[in-house]
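Worksheet: one structure, shown below.
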Amino acid sequence: MAGGRKLEFDKQQALEAAMQVFWQKGYLGASLSDLTSSMGINKPSMYSTFGNKEKLFLQATEHYIENHGKIHVACLSLPDTPLRERLKKFLSSVISAQFESSNPKGCYVMLCMTEAASGDMPEQARDLIAEAAGLFPALLEELFQQDPEAISLALDKNAKSNALTLATLLNGTAALARGDYCQADLQPVIDNTLNGIGL
């Protein structure tokens, strides 16, 4: 049992390291040497544990979604919290992660979306990135459709466009995070965007 737990822990650490490489360099830019060096394992160990580069990318992407993407979603369902405040906390949480110094700047999914559009990424990897890219827009659209406060403000009437507006904001801030912009400068942008959709 102890040996099994250690292997699982090591595997998660290795996935985190691989994710960091893909986040920094993209799928195409990440070499096997980059990956194995960061993961602290040799190529035979990588192949036997994770499979080839594409399979490793799929697992690293799932790791990102579960450990770096979905953590922000809890902000949307905070009890006894007005809708604007919940959305502001959600957007601020995502943007803070985009500027986090311990990770590559920006958004893993957005970086990979750009590569996927080139057609050079394997099909299964492209499909997973497309699925990941649709996660926040779908959750936000559902929120605008079902949240009682959103309905009372008639935000459900334009649920899809409202969701895409917020998702577009996050794609934009991800790009800015990779530049020389300051996170604090983006706070008014959050407020302006929420004002713009009627909040």
Original post:
From P137, P122, P82, P104, which residue is free of Cβ contacts under 8 Å to residues at least 60 places away in the same chain and not polar (S, T, N, Q)?
Top reply: P137
Subject >> Hits in the range 1-23 - residues which are modelled with pLDDT of 90 or more and open to solvent by 100 Å² or more (accessible area, probe 1.4 Å) >> reply: Q13
Original post:
Inside the range 125-185, counting only helices (runs of 4 or more DSSP H) that do not spill past its ends, which hold 1 or more residues that are closer than 20 Å to P79 by Cα?
Top reply: 135-146, 148-152
Original post:
Of all residues in the range 144-153 being open to solvent by less than 40 Å² (accessible area, probe 1.4 Å) and within 17 Å of G196 (Cβ to Cβ), which is farthest from the chain's Cα centre (by Cα)?
Top reply: A150
**OP:** With the checklist (1) in a helix (DSSP H, G or I); (2) crowded, with 20+ Cβ neighbours inside 10 Å; (3) of a type in the set (A, V, I, L, M); (4) touching a residue at least 60 places away in the same chain (Cβ under 8 Å) in hand, flag the one item L58 doesn't pass.
**Re:** (2)
Subject >> Extreme residue, most open to solvent (accessible area, probe 1.4 Å), among residues of the range 38-53 that are within 20 Å of Y108 (Cβ to Cβ) and in contact with a helix residue (DSSP H, G or I) (Cβ under 6 Å, 6 or more places away or on another chain) >> reply: S38
Original post:
Hey, does the range 62-69 have a residue that's in contact with a Phe, Trp or Tyr (Cβ under 7 Å, 6 or more places away or on another chain), surrounded by 16 or more Cβ atoms within 10 Å (Cβ to Cβ) and closer than 30 Å to S152 by Cβ?
Top reply: no
Original post:
What are the residues in the range 87-111 that are more than 9 Å from the chain's Cα centre (by Cα) and open to solvent by 40 Å² or more (accessible area, probe 1.4 Å), if any?
Top reply: K88, K89, S96, E100, S101, S102, K105, L111
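The values are calculated or read from the model by the stated rules, or taken from the named source; none is laboratory data. For clarity, every value in this text was computed on a predicted model and none was experimentally measured. No Cβ is skipped: glycine too gets one built from the backbone with ideal geometry, and neighbour counts run over all protein chains shown. The protein model used for the area step is the full one, side chains on, heavy atoms only, and it has no ligands, DNA or RNA in it. Shrake-Rupley method; radii C 1.70, N 1.55, O 1.52, S 1.80 Å.
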